[in-house]
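K.L.:
Quick one: this structure, given as structure tokens, is what I'll be asking you about.
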Amino acid sequence: MKSVWYIIFITLIIGVLLLVSTTGTLAESQTFCGDIDGNGEAPNISDVTYLVAFLFTGGNPPPNPADADVDGVAGINVSDVSYLINFIFNGGAELSCHYNL
Ligand SMILES: [Ca+2]
Ligand SMILES: [Ca+2]
């Protein structure tokens, strides 16, 4: 559990750095479960960064909020961040978006 919080902390730092160094807008595209930043790419570190920024640093909301609710439990929170990190980097359980927000 401690390592999960470490990963979240590191991700938060990376997210802040990316937000500071990134400008521009996201292209409109069809999204899917885990495509939190809506760029049409498979869930990756940029989706984690986007979600962390939204939750903790006042970043933009996900284009399709249901795509960010990846843990199958209603609501977007740190559990979704943890679930997404586990899926991407640790071969965790499949994403389970909750489309009834
Ligand atoms: Ca994406
Ligand atoms: Ca959730």
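K.L.:
Which of the residues spanning segment 63-101 are over 10 Å from the mean Cα position of the chain (by Cα), within 15 Å of residue 4 (Cβ to Cβ) and among the β-branched types (Val, Ile, Thr)?
P.N.:
Correct list: 88 only.
K.L.:
Pull up segment 78-101, narrow it to residues that are surrounded by fewer than 13 Cβ atoms within 10 Å (Cβ to Cβ) and in a loop (DSSP other than H, G, I, E, B), then point me to the one that is farthest from ligand 1 (Cβ to nearest atom).
P.N.:
Looking at residues that are surrounded by fewer than 13 Cβ atoms within 10 Å (Cβ to Cβ) and in a loop (DSSP other than H, G, I, E, B), I get 100.
K.L.:
With respect to residue 60, is the statement that it is within 14 Å of residue 5 (Cα to Cα) and either away from ligand 1 (no atom under 13 Å from the Cβ) or modelled with pLDDT of 95 or more (or both) true?
P.N.:
Values: within 14 Å of residue 5 (Cα to Cα): no; either away from ligand 1 (no atom under 13 Å from the Cβ) or modelled with pLDDT of 95 or more (or both): yes.
No; evaluated as a whole, the condition is false for this residue.
K.L.:
Hey, can you tell me all the residues within segment 72-91 that are under 15 Å from residue 33 (Cα atoms), more than 10 Å from ligand 2 (Cβ to nearest atom) and either free of Cβ contacts under 8 Å to residues at least 12 places away in the same chain or β-branched (Val, Ile, Thr) (or both)?
P.N.:
The answer is 85, 88.
K.L.:
Please go through segment 59-71 and give me each residue that is near ligand 2 (Cβ under 7 Å from one of its atoms) and not charged (D, E, K, R), ordered by number.
P.N.:
Initially, segment 59-71 is screened for residues near ligand 2 (Cβ under 7 Å from one of its atoms), giving 69-71.
Scanning segment 59-71 gives a single hit, 70.
The values are calculated or read from the model by the stated rules, or taken from the named source; none is laboratory data. None of these values were measured; they are calculated from a predicted model. FYI the Cβ positions are ideal-geometry reconstructions off the backbone, even for glycines, and counts take in every protein chain you see.
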